Amino acid sequence: MKIGVLLHGCGVFDGTEIHEAVLTLLSLDRAGAEAVCMAPDTYQMHVINHITGQPSGTRNVLEESARIARGNVKNIKSVSADDIDGLIIPGGFGAAKNLCDFAVKGENCTVDPVIEDFIKKVHNKRKPIGAICIAPALVAKILGKDEKIRVTIGTDKNTGEKLNKMGAEHIECAVHDFVVDEKYRIVSTPAYMLGTGIKDIAAGIDGLVKAVIELATK
């Protein structure tokens, strides 16, 4: 069983949320699944100094993602939907800044064409997709215009309404839980959209990983 993990930098404010990514990788490993880490070879929307919160220089998304994957990360252009049995997208602002621009344009955002094409191909092959934290916004933008997928980002009504405007159906969900759209094979959990600490988000992410693996076997 090979599950793709789509990374988008390294750091909650400008890339992949590290706790969410590591918990995803841990749950996959414990379940006996092989993680196939990937990221686009592009540059971040901006770089944030995580101590001061101020902008700081430029960084490459693929190179930064390699920090989380311990170097074992593929350029997404080299990965085929046939190479994996499912896909999981951790959260962090990179999902809403580097994979798309939801962070600044909301429901009127656009998605990196390479990312959109890859996710559509995974979805069209009926392979499950897991989306964590803010990542459901990316999935909603790509798939919502054709299919009313059911996803969650927790209990944030403002963000949930933006997902609804993109054609998805937002479902409120507790941090320790997850939402499964059996019809469209999408799994989502709020993680740090709702949780305040790493122990709070662990159960939801573990449940999401197990649900994605279970869907991948059907």
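Around the amide H of Thr16, modelled in the peptide plane, lie the amide H atoms of His8, Gly9, Cys10, Gly11, Gly94, all under 5 Å away and 5 or more residues distant in sequence or on another chain. Taking other Cβ atoms within 10 Å as a rough exposure proxy, Ile89, Ile76 sort from fewest to most as Ile76, Ile89. Label positions at Glu172 and Asn75, each projected 7 Å from the Cα along the C-beta direction, are separated by 4.6 nm.
Between Thr110 and His46, residue separation times 0.36 nm minus the direct Cα-Cα distance comes to 21.4 nm.
Amide H contacts under 5 Å for Cys100: Asp112, restricted to partners 5 or more places along the chain or on a different chain, H placed in the peptide plane at 1.01 Å from N.
Subtracting the Cα-Cα distance of Asn158 and Lys183 from their residue separation scaled by 0.36 nm leaves 6.4 nm. Spacing of the modelled spin labels on Glu34 and Thr217, each 7 Å from Cα toward Cβ, amounts to 1.8 nm.
Just want the ordering: His8, His19, from fewest to most Cβ atoms lying within 10 Å of their own Cβ.
Ascending number of Cβ neighbours within 10 Å: His19, His8.
Would you mind telling me the antiparallel percentage of the DSSP bridges in the chain, rounded to 5? Antiparallel bridges make up about 25 percent of those DSSP assigns within the chain. The slack in the chain from Arg67 to Lys125, taken as 0.36 nm per residue of separation less the alpha-carbon distance, amounts to 17.9 nm.
Annotation: peptides 26-32, 173-179, 54-60, 129-135, ranked by per-residue average of other Cβ atoms within 10 Å with the highest first, follow the order 129-135, 173-179, 26-32, 54-60.
Rounded to 0.05, the FRET efficiency of the Lys2 and Ile198 pair, given R0 = 25 Å and the Cβ-Cβ distance, is 0.45. Membrane-span-like helices in the chain, defined here as complete DSSP H runs extending at least 15 Å along the helix axis by their C-alpha atoms with mean Kyte-Doolittle hydropathy no lower than -0.5, are 18-30, 113-124, 198-216; this is a sequence and geometry rule, not a statement about a membrane. Given a Förster distance of 30 angstrom, what is the FRET efficiency for Glu147 paired with Ser56, based on the Cβ-Cβ distance and rounded to 0.05? For R0 = 30 Å, the calculated efficiency reads 0.15.
Under the criterion of Cα pairs below 8 Å and six or more residues apart, the relative contact order for the chain equals 20 percent.
Close amide H pairs (under 5 Å, H built 1.01 Å from N) link Glu169 with Ile149, Arg150, Val151, residues at least 5 positions away or on another chain.
No value in this document is a laboratory result; all are computed from the given coordinates. Keep in mind that what you see is a predicted model, and the values were worked out from it rather than measured. Cβ sites come from the backbone with ideal geometry, for glycine too, and all protein chains shown count toward neighbours.
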